[in-house]
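Trainee: One structure coming up, written as structure tokens, with questions to follow.
The values are calculated or read from the model by the stated rules, or taken from the named source; none is laboratory data. Just so it is clear, the structure is predicted and the values come from calculations on it, not from any experiment. For neighbour counting, all protein chains shown are included, and Cβ atoms are generated from backbone atoms with ideal geometry for every residue, glycine included. Heavy atoms of the whole protein, side chains included, go into the accessibility calculation; ligands, DNA and RNA do not. Shrake-Rupley method; radii C 1.70, N 1.55, O 1.52, S 1.80 Å.
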Amino acid sequence: MPIRISNYGGIIGWNARKYLPHLASKAYLTMQFLLREKKQKAFIEKFMGEERAPYPDVVNVETINRCNSTCAFCTANRYAEKRPFAKISVELFHSVIDQLAEWKYPNKLTLYGNNEPWLDTRIVDFHKYAREKLPTAFIFMSTNGLLLNIEKVDSIIPYVDQLIINNYCEDMKLHDNIRVIYEHVKAHPSKYKDVDILIQMRYVKEVLTNRAGSAPNRQGEKLKPVKYTCVMPYTDMWIEPNGNLGICCCDNLERSSMGDLNKERLVDIWNGQKYRELRETMRKGRNNHPFCKYCDFIDAGLRGEIVKEELEK
């Protein structure tokens, strides 16, 4: 089926996140760290055993650093945003994609970061360019869907393998425009057979991770050092609109820098000294790195799947 709806934990999980937000968040994070730490360490050791750093599993390119949603857990929400406005230049974007093509990059690419991609009016053209240059890469888009309609869905699907629509709400109901899209795709399955469209039901006021201390709805908490490892420095390349490479998605205040694509080549940054030092430090636990020391972020979704797949090879 070309479209599906996911609601983690169903009604029980939704109500836990809504009525017991901090308890639900703590229980979930505790469980995920206990379940995944051993596998993450094995994945990291496998990565570090290579002569050169393997390809990143996900390259994230944020083309515009703005969002139109009100998610309580995200510093990029329209009420909490503190970053100076920035859009990636066409020249820099083409350079990033051209370098990935020259590198023969084979993995996942998303033109998304701490933002809403449809706020960038060039987003379809950018996806078209990326698809032409990287025909075998897995390209996916993640959107909050607030600006989405059938016309926009039809404009993007020739260039993406997956379209993720995060339906942020308080009532566990699809927004009207997303309902229209859902019913349209269901009624025309052959038209959308080559793309996976996933609607994720998300609670807009959910308490999630502290995102390295930046999450708006976890301010004021007493932070404790986190001893666990994190796979993000081994799986993800995080490119901001100005060409800076941050550590990961949790740096939505853009405090870290692994390199500058205006001065350095992408592959050289990925294999460079800063990344090597970060990975060696993270190998021993995030409590050894100043930016990551108190961060309790863990991705049991895509990065969890990446770790599982790599260890099964």
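Trainee: Return the sequence-ordered ³J(HN,Hα) values of segment 132-143 in whole Hz as given by the Karplus equation 6.51 cos²θ - 1.76 cosθ + 1.60 applied to θ = phi - 60°, using x for Gly and Pro.
Mentor: 5, 7, 10, x, 9, 6, 8, 9, 10, 10, 10, 9
Trainee: Same structure, new question: So what is the calculated 222 nm ellipticity per residue for the chain, using -39500 (n - 2.57) for each DSSP H run with n of 4 or more, over all residues, to the nearest 500 deg cm²/dmol?
Mentor: Roughly -11000 deg cm²/dmol at 222 nm, from the helical runs in the chain.
Trainee: Give the long-range amide H neighbours of SER142: residues separated by 5 or more places, or on another chain, with amide H under 5 Å away, using H modelled in the peptide plane at 1.01 Å from N.
Mentor: It is ILE164, by chain and number.
Trainee: May I ask you to evaluate 6.51 cos²θ - 1.76 cosθ + 1.60, the Karplus curve with θ = phi - 60°, for each residue of segment 68-77 and list the ³J(HN,Hα) values in order in whole Hz, giving x for glycine and proline?
Mentor: Each residue's phi maps through the Karplus curve to give 10, 9, 10, 3, 5, 8, 10, 5, 8, 5 Hz.
Trainee: Per residue of segment 102-107, what does 6.51 cos²θ - 1.76 cosθ + 1.60 with θ = phi - 60° give for ³J(HN,Hα)? Whole Hz please, x for Gly and Pro, Karplus curve as stated.
Mentor: Calculated HN-Hα couplings, in order: 5, 6, 6, 4, x, 9 Hz.
Trainee: Let me ask something else about it. Put +1 on the Cβ of each Lys and Arg and -1 on the Cβ of each Asp and Glu in the chain; which of PRO2, ALA72, ALA130 then has its Cα farthest toward the positive end of the dipole?
Mentor: Of PRO2, ALA72, ALA130, it is ALA72.
Trainee: What net charge is computed for the residues neighbouring TRP118, neighbours being all others with C-beta under 12 Å from the C-beta of TRP118, Lys and Arg scored +1, Asp and Glu -1?
Mentor: Net charge in that neighbourhood comes out at 0.
Trainee: Please report the accessible area of PHE138 (heavy atoms, 1.4 Å probe, ligands and nucleic acids excluded) in Å², nearest 10.
Mentor: 70 Å²
Trainee: Also: Report, for the chain, the % of DSSP beta bridges that are antiparallel, rounded to 5.
Mentor: The antiparallel proportion sits near 15 percent.
Trainee: Pull up all non-local amide H partners of ALA86: gap of 5 or more, or a different chain, and H-to-H distance under 5 Å with H placed in the peptide plane.
Mentor: ASN65
Trainee: Could you pull out every residue, at least 5 positions away or on a different chain, whose amide H is within less than 5 Å of the one on GLN200? Hs are placed 1.01 Å off N in the peptide plane, and Pro or chain starts have none.
Mentor: Placed amide hydrogens put SER6, ILE165, ASN166, ASN167 under 5 Å from GLN200.
Trainee: Now for a different question. If you rank LYS274, LYS224 by how much accessible surface each has, with a 1.4 Å probe, what is the order from largest down?
Mentor: Sorted descending by solvent-accessible area, the residues read LYS224, LYS274.
Trainee: Okay, next question. Assigning unit charges at the beta carbon (Lys, Arg +1; Asp, Glu -1) and nothing else, what dipole magnitude in debye, to the nearest 20, does the chain show about its Cα centre?
Mentor: Magnitude of the dipole: close to 1060 debye.
Trainee: Another question, if that's okay. Spin-label point model (7 Å from Cα, Cβ direction): what's the ARG122 to ARG255 distance in nm?
Mentor: 3.0 nm
Trainee: Something else about it: Going by Cα centres, segment 1-67 and segment 204-260 are how many Å apart?
Mentor: 13 Å
Trainee: Find how much the distance from GLU312 to PHE138 grows on full extension, using 0.36 nm per residue of separation minus their present alpha carbon separation; answer in nm with one decimal.
Mentor: Working it through step by step, the gained length comes to 60.7 nm.
Trainee: Please work out which option in [x] 135; [y] 150; [z] 160 gives volume of the Cα convex hull per residue in Å³ calculated from these coordinates, and answer with its label.
Mentor: Calculated volume of the Cα convex hull per residue in Å³: the matching label is [x].
Trainee: Counting only heavy atoms of the protein chains, get the accessible area per residue of the chain (1.4 Å probe) and round it to a whole Å² value.
Mentor: 48 Å²
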